[in-house]
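Data block below; observations after.
The values are calculated or read from the model by the stated rules, or taken from the named source; none is laboratory data. In this text the structure is predicted, and so the values were computed from the model without any measurement. Ideal geometry is used to build each Cβ from the backbone, glycine not excepted, and the neighbour counts take in all protein chains shown. Just so you know, the surface numbers come from the protein's heavy atoms only, side chains and all, with ligands and any DNA or RNA stripped out. Shrake-Rupley method; radii C 1.70, N 1.55, O 1.52, S 1.80 Å.
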Amino acid sequence: SKLAALFAHPLYNIPIPEVMQKDKLFVVNPMEKFSLGHSGSDEWVSSSKAETLLPTGKTAYDTYPAWLKFHVGINRYELYPRQDPLMPTILQDLATQRIVSSVQKSGGTQLKLIMTFPNYGQALFKPMKQTRDQETPRDFFYFSDFERHNAEIAAFHLDRILDFRRIPPVSGRLVNITKEIRDITTDKKLAKTFFISPAGNVCFYGECSYYCSTEHALCGKPDQLEGSMAALLPDKTLAKRRSWRSPWRRSYHKSKKAEWELNPNYCVQVRETPPYDRGHRLLDLIDMTVLDFLMGNMDRHHYETFEKFGNDTFLLHLDNGRGFGTHSRDEMSILAPLQQCCSIKKSTYLRLQLLATQPYLLSDVLREALAADPLTPILAEPHLQALDRRLAKVLDVVARCLAG
């Protein structure tokens, strides 16, 4: 396994700083048992705050479901550990656990569902909207592009291979629209949007600001529908997250350009602006830039952090559905933060160099990682080839910075 060899490499075994109590997202007191509380948010509560306990009674840590162990393990330095023994179980649960509830997630431009499992774990379901080999048309603006379920799956594995580990676990899944959505939903608005198409397939379109209409309905074959299932992060009532506007955000306008597109010295003012004026925040943003360039994602307008850790923590790389839309062209403007700031973490640079060489070639290790997904093949072969080409371009930008 090339993937196992990569993760065994010394560059993937650099220790993180010692995790103190204050560095943990949740401090679990061994004397205090946790209960899977059926609160409004389908989240969990500690017994000291719980008004009511489930019939399961008090449960010890080793009996927690995998999703709860994942939440408890989050710390200042990483969303999940490198050699995470939980990961196979989490991915398996996302792909196979019985779905007991399906409701539409509010907000956003496109239809997404929140699905709940019998152990109170939850996942965000993004349904398949286009086939693997469809490229985004050249005349499409990035903000009117479809979100792709396979991009969410591939982004999780790519992020892990780059050793960022800032995307929650994602698995592909084949869902039965009739039994696992229509028949069990308590969402009245969603329920009204189901119909049988002229071809005899079960379809629905939900309610959202862009692609929620009969013309953009999601149809099964006849009721089987592919989608991505992403593990949800802890409820925001338990772990507040802060949303940050990216300094290199696009204008989201058909003709206006953003300031960074017009000012080649834009990075100078970013470096003087908190939180980029100290610590590793700018370097973390450049890590995210590299991830986005490799998958061709132009839609990174915001990012999030866990509020508890202040400015000294990693960025969450959420919402990656607009990646992997094109393989035949490379959008160099995504690399603007790297090009303008000429800065990158040494560890990131060394890993990128490693992934450009045999036997750790980026396309090979990602292909291997994606082969284990239930919906494999996740990416069409040209997308995998494009990764190696784009990685060479990232290294070229860094080489120019070093020479300059």
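Remarks
- Exactly one residue out of S209, S228, S255 is in a strand (DSSP E or B) and among the hydroxyl-bearing types (S, T, Y): that is S228.
- The residues listed here are D284, D292, D277; of these, the one that is farther than 18 Å from A399 by Cα, open to solvent by 10 Å² or more (accessible area, probe 1.4 Å) and not hydroxyl-bearing (S, T, Y) is D277.
- Total residues in segment 70-84, condition in a helix (DSSP H, G or I) and out of contact with any helix residue (DSSP H, G or I) (no Cβ under 7 Å at 6 or more places or on another chain): 3
- Note on segment 1-15: residues that are over 15 Å from L362 (Cβ atoms) and not in a loop (DSSP other than H, G, I, E, B) total 3.
- Only listed residue being more than 25 Å from A372 (Cα to Cα) and at pLDDT 80 or above, chosen from Q110, Q130, Q122: Q110
- Selected residue (only one of P337, P374 is in contact with a Cys (Cβ under 8 Å, 6 or more places away or on another chain) and not basic (K, R)): P337
- Residues satisfying the stated conditions in segment 192-208, i.e. without any contact (Cβ under 8 Å) to a residue 40 or more places away in the chain, in contact with a Cys (Cβ under 8 Å, 6 or more places away or on another chain) and among the small types (G, A, S): S197, A199
- Checked against the criterion of being within 24 Å of the chain's Cα centre (by Cα) and either more than 24 Å from R98 (Cβ to Cβ) or modelled with pLDDT under 95 (or both), the candidates S213, S197, S255, S209 yield just one match: S209.
- Selection of segment 319-372 for residues being buried (at least 19 other Cβ atoms within 10 Å of the Cβ), more than 25 Å from I153 (Cβ to Cβ) and among the hydrophobic types (A, V, I, L, M, F, W, C) yields A336, L338, C341, I344.
- Restricting attention to segment 88-141, the residues that are aromatic (F, W, Y), within 20 Å of P65 (Cβ to Cβ) and in a loop (DSSP other than H, G, I, E, B) total 2.
- Segment 211-235 residues that are over 10 Å from I177 (Cβ atoms) and open to solvent by 30 Å² or more (accessible area, probe 1.4 Å), paired with ones that are at pLDDT 95 or above and of a type in the set (K, R) (beta carbon under 9 Å, 6 or more apart): E226/R173
- Yes/no for K2 being modelled with pLDDT under 95 and surrounded by fewer than 18 Cβ atoms within 10 Å (Cβ to Cβ): no
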